[in-house]
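The next block holds one structure in the form of structure tokens; read it before the comments.
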Amino acid sequence: MNFWLNILADFGIYVILALSLNVICGLTGLLQLGHAGFFAVGAYAAGLLAIYSYPATCFLGAGNLVLGCLAAAGAAAVLAALIGLPCLRLRGDYLAIASLGFGEIVRHVLNNVEFPICAFADRPPLGLAKGISLVSTVSGVTYVANYASWWVILIAAALTYLLMLNVKRSYLGRAMMCIREDEIAARTMGVNVPGVKMTAFLLGAVVAGIAGALFVHNPYSGLRAAPGTFDLLKTVEILLIVVLGGLGSMTGSLVAAALLAFLPQLLRFLPTVAGIQLAQHKQLLYALLLIVLIRLVPNGLLGLHECPAALWQLLRRRPAP
Amino acid sequence: MTAGAPILAARGLAKRFGGVQALDEVSFELLGRQIAGLIGPNGAGKTTLFNLVTGLDRPDAGATFFHGQDITHTPAHAISRLGLARTFQNVRLPGQLTVLDNVRVAFHARAGYGFLQAALHLGRYRRRERQISAAATALLEMFDLHGLGDQLAASLPYGMRRNLEIARALATGPSLLLLDEPAAGLNGRETADLAALIRRIRDEFALTVLLIEHDMKIVMNLCERVLVLHYGKLIASGPPGQIKRDPQVIEAYLGPFREPA
């Protein structure tokens, strides 16, 4: 049971990350390859806040998670503003390279910074490659701040989904999609292109930061955040969900995140066929399935839509013209 | 604004691209509620003039004024918000957006709600979205695009895309509309329809229209005033009847007159 709750929590985090990247890559069309960086910054901001505020904020209980989310959002926003100002002027591939660099810088910095020990973590090292842990090292592990249990994460994922849908269907979402398709048209329609790009970038970064806070407060992740978790592969995984679901489709991100969270686990239960233990080759099968999927639906599972076209027609039940 | 004050004024506009002087000391004024034509042989600088006026490009020298306000260095989106809209020669529509969304984008600056109201799905957001959708649908109807709101803009035939682009320009709430070759690729009947439509929107929306056109029939029938560009210089401006007889214009279009040998 615990195992599946773990997967469920994982799925929730993936949903939030994918939705946040979808605003930047899918809606606005900015190829951002440093998303794991914002995730990491959020996780560290929330984690360090919990560690250093101990035991002063213990009485807040689950309020610590809220504080952590706020700190994560703030840290991610400040960083996104600093990165966004110079980088968002770059086009296409150049932005991709600059943001990739940003993600790697974050990881390397975290890998090499040692934080001072405190009442919560009284033994070094705190930081470096081992990362930070919300399990206290003080005399026999008493304090564990596991507020982001699987259902909290799932609720956060659902709220993020609604938030992104609302944004997509607002003037901002339309402006973002217009920028993705044709910047010059957007400008002549009164869209402040750098402003809207920055809004998308900030929104994506802040939400990814909050995902980081949930991640570090999540008991299933071991309540720790280590630099190794936030490498380029993490960004690629998130991007994979966004592309597989359909660039710009929030529902697509939801579906694809479910697929990517549960599929590898389900493959473990494959039977033995003709003397071959299929479960042993799950990595191979997983990769193969992804290739087949993207070949079958090159625009992603849902393309640009929030709802498959056939279902949409059914739901609308339009009167015959 | 006093009656008769120019809506758009250009003073000594100049723009050079490498070795080509695209525009050279161009000055003119447009009065309110006029339909004016901008003509000239290919490469005369017509589209460049549109780009300078709408802020997509910056002049090397000179200035532009819109309702008396200097907009020479105003960003394109801000110029659009002041009420200057345009279409493009090679129709610029975000193809992967629906027809309805294409028009709704143009309400961007007048959305009337903020990010938080949208994020939290508050009443004002829902109300304003309903109003915007209704206004966009009304525009689509005016341009014979009703019932196509759910289609992707890229799926429309060329003539409809052109109409959609004009509808979108109107949705920004302009007082001056610049049309870049609106009749290109249309047949005789469609061109006549377009001329009627342009007159109609001028009257209904109280607009000033400046259009680039190669089709002399539409220019002479529709425009109350014609500006002629040739190699970046404004060589003539006046009512169509006068332009038709202007020796410089005839020379620009037909070449210098030579006595038969």
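The values are calculated or read from the model by the stated rules, or taken from the named source; none is laboratory data. Only a predicted model underlies this, so the values are computations on that prediction, with no experimental measurement involved. Glycine also receives a Cβ, built like all others from the backbone with ideal geometry; neighbour counts cover every protein chain displayed. Only protein heavy atoms, including side chains, enter the accessible area calculation; ligands, DNA and RNA are left aside. Shrake-Rupley method; radii C 1.70, N 1.55, O 1.52, S 1.80 Å.
Annotations
- Scanning region B:131-146 for residues being small (Gly, Ala, Ser) and open to solvent by 70 Å² or more (accessible area, probe 1.4 Å) gives a total of 0.
- Residue in region B:204-214 that is modelled with pLDDT under 90, over 20 Å from residue B:136 (Cα atoms) and either open to solvent by less than 40 Å² (accessible area, probe 1.4 Å) or in the same structural domain as residue B:77 (by TED's automatic domain parsing) (or both) present: yes
- Filter pass, residue A:239 being in a helix (DSSP H, G or I), modelled with pLDDT under 80 and in contact with a His (Cβ under 9 Å, 6 or more places away or on another chain): no
- Among the residues of region A:145-186, those identified as surrounded by 19 or more Cβ atoms within 10 Å (Cβ to Cβ), away from chain B (no Cβ under 11 Å) and not in a helix (DSSP H, G or I) are A:145, A:147, A:148.
- Of the residues making up region B:147-168, those that are more than 11 Å from chain A (Cβ to nearest Cβ), within 17 Å of residue B:92 (Cβ to Cβ) and either aliphatic (A, V, I, L, M) or open to solvent by less than 20 Å² (accessible area, probe 1.4 Å) (or both) are B:156, B:160, B:162, B:164, B:166, B:167.
- Of the residues making up region A:80-106, those that are under 24 Å from residue A:217 (Cα atoms) and crowded, with 22+ Cβ neighbours inside 10 Å number 3.
- All positions within region B:89-99 that are of a type outside the set (Val, Ile, Thr) and either facing chain A (nearest Cβ under 9 Å) or free of Cβ contacts under 8 Å to residues at least 60 places away in the same chain (or both): B:90, B:92, B:93, B:94, B:95, B:96, B:97
- Flag for residue B:193 being on the phi > 0 side of the Ramachandran plot, more than 9 Å from chain A (Cβ to nearest Cβ) and open to solvent by 70 Å² or more (accessible area, probe 1.4 Å): no
- Per the listing B:168, B:199, the residue uniquely modelled with pLDDT of 90 or more, within 29 Å of residue B:104 (Cα to Cα) and outside the structural domain of residue B:43 (by TED's automatic domain parsing) is B:168.
- Among (1) under 19 Å from residue A:171 (Cα atoms); (2) assigned to a loop (DSSP other than H, G, I, E, B); (3) not aliphatic (A, V, I, L, M), the one test that residue B:72 misses: (1)
- When region B:108-130 is filtered for residues that are within 7 Å of another protein chain (Cβ to nearest Cβ) and open to solvent by less than 50 Å² (accessible area, probe 1.4 Å), the ones remaining, listed by number, are B:108, B:111, B:118, B:119, B:125.
- Residue within region B:3-18 that is within 14 Å of residue B:233 (Cα to Cα), small (Gly, Ala, Ser) and open to solvent by 60 Å² or more (accessible area, probe 1.4 Å) present: no
- Residue check for residue A:262: of a type in the set (Phe, Trp, Tyr), under 24 Å from residue A:72 (Cβ atoms) and surrounded by 15 or more Cβ atoms within 10 Å (Cβ to Cβ): no
- Among the numbered conditions (1) on the phi < 0 side of the Ramachandran plot; (2) small (Gly, Ala, Ser); (3) crowded, with 21+ Cβ neighbours inside 10 Å, the only one that residue B:45 does not meet is (1).
- For region A:187-215, the tally of residues that are under 14 Å from the mean Cα position of the chain (by Cα), open to solvent by 10 Å² or more (accessible area, probe 1.4 Å) and either aromatic (Phe, Trp, Tyr) or facing another protein chain (nearest Cβ under 7 Å) (or both) stands at 1.
- Tally of residues being open to solvent by 40 Å² or more (accessible area, probe 1.4 Å) and either facing another protein chain (nearest Cβ under 10 Å) or within 18 Å of residue B:170 (Cβ to Cβ) (or both) across region B:68-88: 3
- Residue B:171 vs. criteria under 19 Å from residue B:204 (Cα atoms) and at the interface with chain A (Cβ under 9 Å from one of its Cβ atoms): yes
- The single condition from (1) open to solvent by 30 Å² or more (accessible area, probe 1.4 Å); (2) free of Cβ contacts under 8 Å to residues at least 24 places away in the same chain that residue A:57 fails is (1).
- Condition check for residue B:55: open to solvent by less than 10 Å² (accessible area, probe 1.4 Å), closer than 19 Å to residue B:240 by Cβ and in the same structural domain as residue B:199 (by TED's automatic domain parsing): no
- Of the residues screened, residue B:64 is not one that is within 11 Å of chain A (Cβ to nearest Cβ), open to solvent by less than 40 Å² (accessible area, probe 1.4 Å) and among the polar types (S, T, N, Q).
Residue by residue, here is whether (1) closer than 25 Å to residue B:52 by Cβ; (2) among the aromatic types (Phe, Trp, Tyr); (3) out of contact with any Gly (no Cβ under 9 Å at 6 or more places or on another chain) holds:
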| residue | (1), (2), (3) |
| --- | --- |
| B:183 | yes, no, yes |
| B:190 | no, no, no |
| B:203 | no, no, yes |
| B:210 | yes, no, no |
| B:215 | yes, no, yes |
| B:222 | yes, no, no |
| B:226 | yes, no, no |
| B:231 | yes, yes, no |
| B:235 | yes, no, no |
